[in-house]
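Every number here is computed from the coordinates shown, using simple stated rules; none is lab data. Remember, predicted model here, so these are calculated numbers, not experimental data. Neighbour counts run over all protein chains shown; Cβ positions are idealised from the backbone, glycine included.
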Amino acid sequence: MMVSKQIFTATEIQEWLVSNLAEALKVDTAEIDTQQALESYGLDSTKAMVLVTKTEKMLGFQIAPTILWHYPDIESLSQRLAEESEELNSGAVNPTNSTPVNHVNVDLGAEVVLDPFIRPVSTSFKFNPRPDNIFLTGGTGYLGAFLLHEILQQTNADIYCLVRAANFEAGKLKLKQNLEQYALWDEQLSPRIIPVIGDLSQPKLGISTEGFEMLAANIDSIYHSGAMLNYVYPYQALKSPNVLGTQEVLRMASLFKLKPVHYVSSVAVFESPDYAGKLVKEDDNFDNWQGIFLGYSQTKWVAEQLVKVAAQRGIPITIHRPPLISGDSRTGICNTDDFINLVIKGCIQMGCFPDVDYMLDASPVDYVSKAIVYLSRQEESLGKAFHLQHPEPVPLKQLVEWISSVGFPIEMIPYEQWQEKLINNLSSQDNPLYTLRPFLLERWSDEQITIPDLYLQSRRPKISCEATVNALAGSGIVCPPLDSQLLMTYSAFLMQNGFLTFA
Ligand SMILES: NC(=O)c1ccc[n+]([C@@H]2O[C@H](COP(=O)([O-])OP(=O)(O)OC[C@H]3O[C@@H](n4cnc5c(N)ncnc54)[C@H](OP(=O)(O)O)[C@@H]3O)[C@@H](O)[C@H]2O)c1
């Protein structure tokens, strides 16, 4: 690891970059605009990498390869590099542990602090199998739409939905349009959907004190599915909605009368390498957080821990950990903006998939939502966690073979070659992988692994869903097999709506 011995100012770095870029492009320095996107100079990735390497030598420290995506013009890049130069020399950052430029190590254990005022006024709690009033967060999202639909189907309750919108009407319209998008809107049930304008990242969920207290006094149970899903932002950028938002939900649960919280967590909570290769069961503790790199996953780990602290204080909870969520197994309708769909589309456009040891353990959204709502309605579920994992996952290779069999010309190539192609051959912004490149290529930690590396089978735990499947026995809720019939349903939808096309 190179270590800088000199602090460079942003101006010095800027001058150096301008002159070297001009040299690489064989143009006069006056032609370089420091606020213009570097990409617009037609700097191919080889030249960009040469420039980065030369800059590293000059500065005396390593630069994350994706820095050009995060700081795309010379001015912002110089500013960031100057900060880093200063941090390294002042000892604020230990270069041997250096993390990517926009991510800092966070002591997640120390983040698990639940406001001491959040505790039940009384520990007496009587489970109510027929709630009249339910509070739901995330109802304008993908899983949230299906949860809202299932709650409408499985209960007679009115559902108060936290929505980010300008006013009541706009909130209602947002919920309606979201349900329509997934073919779940039923006009007759509309009166039972009541928007509550607010924001997870604000104290008391951005609801007025009177409104918050009124809800706390009348709501019978809470489903917390809302979160900001962003795989590039660091922990600090996601903490307010995902961690503090969960704290506010728990506050509502404990205020006046005690209500159960059905919390949508994620398999991200066991991303620590400590669990690699190990069997993880629903009610394990998952205390280990070291080595969870993604800011999003970090927030999900901390939020789940807060829910567990609340449980220790006497708040009734259930925890539901979905894996990747795939489309509706009945209609094929899915969230086409989802990471998995974008990667599949991008790989098809590129003509190749990486040959990696992945298991496709996605579960259909209708299974996940039905299971969560059913389980949350069983008294014996209280205090427990559930894994909505696919009970019979299939290798990624099987999916690729299937895609190829329906007529998409596609091959599997070694992972390093695929990465090379992504860096060198992918110039079309129409390919979704183009914008996902920072996510796919950024290297993390001393091991310098990429995020896709994290999902290799060897790095993942073996996720048991036995207790969950047992708890669902007799409910008629079964996870549909990941077979050609399901894949046909999915691809028919994706082709019909133009998301996937034959070249
Ligand atoms: N999708 C998956 O594959 C997956 C896998 C495992 C776990 N999960 C978990 O499942 C839950 C739902 O995910 P999803 O797929 O439905 O995500 P999504 O489609 O991105 O929906 C997120 C929801 O959260 C809301 N939200 C975000 N920030 C908010 C804020 N500051 N205030 C109020 N609402 C806010 C969004 O509202 P707007 O409409 O206003 O943005 C939206 O309703 C999340 O907790 C996620 O961590 C998802």
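Between His70 and Asp107, the contour length at 0.36 nm per residue exceeds the Cα-Cα span by 10.9 nm. Could you work out the local net charge near Thr318, counting Lys and Arg as +1, Asp and Glu as -1, over the other residues with Cβ closer than 13 Å to its Cβ? Every neighbour counted, the sum reads 0. Here the spin labels are modelled as points 7 Å beyond Cα on the Cα-Cβ line, and at Ser404 and Glu169 they lie 5.6 nm apart. Given R0 = 30 Å, the distance between the Cβ atoms of Gln496 and Ala473 translates into a calculated FRET efficiency of 0.25. Taking the longest Cα principal axis of the chain as reference, the axis of helix 432-441 is set at about 80 degrees. Here the dipole of the range 137-295 is about 260 debye; that uses its Cα centre as origin and unit charges on the Cβ of Lys and Arg (positive) and Asp and Glu (negative). Taking the Cα atoms of the range 327-381, the ratio Rg/Rh between the radius of gyration and the Kirkwood radius comes to 1.14. The simple Förster model, with R0 at 35 Å and r as the Cβ-Cβ distance, assigns Asp483 and Tyr231 a FRET efficiency of 0.75. Charge dipole (Cα centre; +1 on Lys/Arg Cβ, -1 on Asp/Glu Cβ; no other charges) of the chain amounts to roughly 1400 debye.
Measuring nothing but alpha carbons in the range 103-163 and taking Rh as the Kirkwood radius, the Rg to Rh ratio lands at 1.13. Ordering of 308-321, 25-38 by packing is 308-321, 25-38, highest average first (other Cβ atoms within 10 Å, averaged per residue). With the simple model of a label 7 Å out from the Cα in the direction of the Cβ, Gln177 to Asp274 spans 4.4 nm. Once backbone amide H atoms are built at 1.01 Å from N, Cys161 has Leu136, Ile194, Val196 as its partners under 5 Å, excluding neighbours fewer than 5 places away on the same chain. Over 22 Å apart at the Cα level, from the set Lys204/Lys308; Lys174/Lys308; Lys278/Lys384; Lys257/Lys370; Lys239/Lys370, are Lys174/Lys308; Lys257/Lys370; Lys239/Lys370. Only residues of the range 310-338 count here: report those whose backbone N is under 14 Å from the spot 7 Å along Cα→Cβ of Gln457, or say none. Zone members listed by number: none at all.
Counting only alpha carbon atoms, the long axis of helix 365-376 and the longest principal axis of the chain meet at about 50°.
Within a straight-line Cα-Cα reach of under 16 Å, Lys54 can be paired with the following aspartates and glutamates, leaving aside sequence neighbours fewer than 8 residues apart in one chain: Glu12, Glu15, Glu23, Asp44. Site pair Thr29 and Gln378 shows an inter-label distance of 7.2 nm when each label is modelled 7 Å from Cα along Cα→Cβ. Backbone phi angles across the range 256-261, fed through the Karplus curve with coefficients 6.51, -1.76 and 1.60 (θ = phi - 60°), yield HN-Hα couplings of 6, 9, 7, 10, x, 10 Hz in residue order; Gly and Pro are listed as x.
Would you mind checking the tilt of helix 396-405 against the longest principal axis of the Cα atoms of the chain, expressed as 0 to 90 degrees and rounded to 10? Between helix and principal axis, roughly 80 degrees.
Close amide H contacts of Ile449 (hydrogens built in the peptide plane, cut-off under 5 Å, sequence separation of 5 or more or a different chain): Trp444. Per the Debye calculation on the chain with a single equal scatterer at every Cα and no solvent contribution, log₁₀ I(q)/I(0) for q = 0.12, 0.13 Å⁻¹ amounts to -1.17, -1.31.
The alpha-carbon of Lys462 sits under 19 angstrom from the alpha-carbons of these aspartates and glutamates, leaving out residues fewer than 8 places away in its chain: Glu271, Asp274, Glu282, Asp283, Asp284, Asp287, Asp357, Asp361, Glu392, Asp453. If the chain linking Glu56 and Gln36 were pulled fully straight, counting 0.36 nm for each residue of separation and taking away their Cα-Cα distance, it would gain 5.0 nm.
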